[in-house]
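*Asks:* Structure in structure tokens, see below.
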Amino acid sequence: MASQPRINSTLVTVIRMAKLSKSFASGGSQKVYHFVHNQNRPDKAYTTDRAQKKGKANAASGKIFVTIPSDHFGPIPSENDPERNQGVLVGECWEDRLECRQWGAHFPHVAGIAGQSSIGAQSVVLSGGYQDDEDHGEWFLYTGSGGRDLSGNKRTSKDQSFDQKFEKSNKALQVSCAKGYPVRVVRSHKEKRSSYAPEKGLRYDGVYRIEKCWRKVGIQGFKVCRYLFVRCDNDPAPWASDEHGDRPRPLPAISELKKATDITERKEGPSWDFDVKDSRWKWAKDPPTSKKPVEAQDSTGKRTRIKIRQSHNMSVQEKLLKEFSCLICREVMSLPITTPCAHNFCKSCLEGAFVGKTFLRERKTGGRALRSQKNVLTCPCCPTDISDFLQNLQVNRELLDVIETLKSKIEEEKLCEEEEIDEEEENDEDGDENEGKGKDESNSPVETRKRAKVVDDLE
DNA sequence: CTTTGAGTAGAT
DNA sequence: ATCTACTCAAAG
């Protein structure tokens, strides 16, 4: 630990929140930002122990820097970029798909389409994987995914063996077409046939709308889904010398439409449209509401539940308390343990994660026992070997105290509130469904008792 | 240059 | 839990 000290990010977050709430209370009007629990990943993508072979495709993604959920549509604005406060700008470049993912431009790290069939598609990558693609810069023809037999380990097969259909990601793109959503577009250096592709890495080129989609028989003889993307960004394209972004332009003439089937055209007004008065592209209708937590995953693959809360929903203490959640069970920690790599878990959860695992491994060669070898046991959140630490788990008493104090404070507050609650009835304004907030288990008196008893037992 | 095989995250 | 995916680096 001394040679490689780790910052306890949970504490960092809570302390910052506590400070912010203090300055808020003392009068300064302040914008409330969402706090994202994404700190458990390193700044760069890394390779886990299991991933013996190197290669970024086998790597776990690093920290997500932006505070958008993975189903966020449209440009990524500065308010979702706490790191730099500038948002993701048109023309930004990244080394590889994982880095691109970290800035939220395109989340899937292999797939070319980000989307959900019931919601729509948020972004695509032009990466040269499909021969039928045709890039004209301000507009391009994109091919759907699928139609290939990827059984076994044929990740790279480019041979189509069946027809594409409007399902899954292809359906998602179709929804974005029908609704007129802005779709973020990333170009990859791997698209060799396009003169608009970057020389290396990936580049964010702004948002496009899918004006039409259809199916046709592709170059390989099977049907492919086709999408006409037309640029509609407020910033000029990286290759353009324009001083301003796009203006609405007439659709290009597409000759293949003559042979097209299953044509989808937008019937309603587009959600993202050019406002003539403002001379800007903007949401003409409300963007779809996010159904996902702000992105953050731990390295075990379990989902980190990110709670986005409005400040008026919870008292400061409640918000602080929520930050002390176990990285395994996601509940407020009971008997908190802090690992040398600065991750926090309930004692029972951490023990549970290693049930059946032994500290030593027997080694036998031809019947003769060799000296047993130490087993590597990695932290559930990162690749650090914590086997030594596991041998003698010590509860983080300071943390436990803070948690207990917060709980009792909240309890006091609850009691006070109940006396005044009747008068406040009509000020109720609903609207956001961010999270089933508030009155859950951890705040009940019974639970507090139980915790208090645990503390006694510990003594 | 092409081929190979790996782990990962998201959708379903 | 299972399947899919416009990756990536190393090897052939």
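The values are calculated or read from the model by the stated rules, or taken from the named source; none is laboratory data. On a predicted model such as this, the values are computed, not experimentally measured, just so you know. All Cβ positions, glycine included, derive from the backbone under ideal geometry; neighbour counts span all protein chains shown.
*Asks:* Restrict the check to the stretch A:146-168 and report whether at least one residue is within 14 Å of DNA strand B (Cβ to nearest atom), assigned to a helix (DSSP H, G or I) and more than 27 Å from residue A:248 (Cβ to Cβ).
*Replies:* yes
*Asks:* Okay, moving on. Say we look at the stretch A:103-132 and pick out the residues that are among the small types (Gly, Ala, Ser) and surrounded by fewer than 21 Cβ atoms within 10 Å (Cβ to Cβ); which of these is farthest from DNA strand B (Cβ to nearest atom)?
*Replies:* A:127
*Asks:* Let me ask something additional. Do you know which residues across the stretch A:322-347 are touching a Ser or Thr at 6+ places or on another chain (Cβ under 7 Å) and outside any loop (DSSP other than H, G, I, E, B)?
*Replies:* A:323, A:332, A:344, A:346
*Asks:* Turning to a different aspect of this structure: Within the stretch A:91-113, can one find any residue that is assigned to a strand (DSSP E or B), within 16 Å of residue A:73 (Cβ to Cβ) and at pLDDT 90 or above?
*Replies:* yes
*Asks:* Moving on to the next point. Among the residues of the stretch A:348-360, what is the count of those that are part of a strand (DSSP E or B) and either polar (S, T, N, Q) or within 27 Å of the chain's Cα centre (by Cα) (or both)?
*Replies:* Residues that pass the stated criteria total 0.
*Asks:* Check the stretch A:157-176 and report whether any residue there is within 8 Å of DNA strand C (Cβ to nearest atom), closer than 29 Å to residue A:87 by Cα, in contact (Cβ under 8 Å) with a residue 60 or more places away in the chain and of a type in the set (Gly, Ala, Ser).
*Replies:* Scanning the stretch A:157-176 turns up no residue that is within 8 Å of DNA strand C (Cβ to nearest atom), closer than 29 Å to residue A:87 by Cα, in contact (Cβ under 8 Å) with a residue 60 or more places away in the chain and of a type in the set (Gly, Ala, Ser).
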